[in-house]
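The values are calculated or read from the model by the stated rules, or taken from the named source; none is laboratory data. Treat the numbers as computed from the prediction; the structure is a model and nothing was measured. Ideal geometry is used to build each Cβ from the backbone, glycine not excepted, and the neighbour counts take in all protein chains shown. Please note that ligands, DNA and RNA were not included when accessible areas were found on the heavy atoms of the full protein model with its side chains. Shrake-Rupley method; radii C 1.70, N 1.55, O 1.52, S 1.80 Å.
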Amino acid sequence: MSRTPLAVANWKMNTDLETARVLAQAARDILAGNPIDLDIVLCPPFPWLVPVAEALDGSPVGLGAQDCSPERDGAFTGDVSAAMLAPWCGFVIVGHSERRHGHGETDALVRRKLDAVLGEGMRPILCIGELEAERESGQTGTVIEAQVQAALDGLPESAIARVIVAYEPVWAIGTGRTATAADAQEVAARVRSLLAVRAPAHAETISILYGGSVKAENVAALTAGPDVDGVLVGSASLDPAGFAALCRELVAGPG
Ligand code: PGA
């Protein structure tokens, strides 16, 4: 079963409004003209969602948010609900390591956010990944399994079918270090087997991404494994030409 390669751009707390518009136009250009076998989702900071949505109008480039509140509405100063994102976004990142480890988000909270995203008809991009000490002590598989279990257990198969999983080893994010291609494939295969137990009819069509210091020079190798369907890209998504080159290399694959 072939899955369309997917590049998700996580701009984090970067870009000004003008840069956001330039990056949106650049992403449009990647998918314009000769249709290529690639999906792109841009995840700008909250204030740029509407202008980026306008810049992407009529293009196949998807729009995602970087986070959301688990609550529907109410006295939650500074938070943004899934319902507020749904008019603009098709996707929401949940469980990014900068939320799990920088803001103390638990597996239980990530699950509530995932439920909120699904409840508003959007698709969660569920981030999972081990800390360096966990990898060094041979716990990667256990950590991944616990994160998948907390996020997905009890969901109907039709909901699991809408989830995108991003494997991001925490020690590889923003560090210039990456997992090996073999490790990325090993974890992705493990995730797919966990999905197969919970949603047998859909496990082969769910996209599993790798993230952590992905750039044009390493994307083809990192996605060479049969279960690695694309990438979640941070810093390398902030340069229009570099991101275009990364997308080309992703589509071309290892040469
Ligand atoms: P990076 O970030 O590509 O800058 O390592 C990836 C991410 O956090 O999603």
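Values computed for the structure shown
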read-out: Label point distance in nm, residue 71-residue 31, each placed 7 Å from Cα along Cα→Cβ; value: 3.4
read-out: Exposure of residue 84 as accessible area (Å², to 10), given a probe of 1.4 Å and all protein chains; value: 110
read-out: Qualifying trypsin sites (Lys or Arg not before Pro) in region 41-131, DSSP loop, other Cβ atoms within 10 Å at most 11; value: none
read-out: Which of 243, 76 is most accessible, then next, and so on - probe 1.4 Å; value: 76, 243
read-out: Gap separating the Cα centres of region 129-162 and region 180-202, nearest whole Å; value: 10
read-out: The chain: C-alpha gyration tensor shape, a/c 1.5 cut-off, then a/b vs b/c; value: rounded
read-out: Rounded accessible area of residue 180 (nearest 10 Å², 1.4 Å probe); value: 70
read-out: Fraction in percent of alpha-carbon pairs per bin - 5 Å, region 113-233; value: 2, 12, 23, 24, 19, 12, 6, 1
read-out: Percent carbon-and-sulfur accessible area, the chain, ignoring ligands, DNA and RNA, probe 1.4 Å; value: 53
read-out: Net charge dipole size for region 6-252 [Lys, Arg +1 and Asp, Glu -1 on Cβ; Debye, nearest 20]; value: 120
read-out: Listed residues 80, 219, 22 arranged by accessible area, highest first, probe 1.4 Å; value: 22, 80, 219
read-out: Candidate residues 134, 157: accessible-area rank, largest first, probe 1.4 Å; value: 157, 134
read-out: Sequence-separation-based contact order of the chain, relative, with Cα cut under 8 Å and 6+ spacing, percent; value: 20
read-out: Potential extension, residue 149-residue 103 segment - 0.36 nm per residue separation minus Cα distance; value: 14.5 nm
read-out: Solvent-accessible surface (1.4 angstrom probe) belonging to residue 88, in square angstrom, nearest 10; value: 110
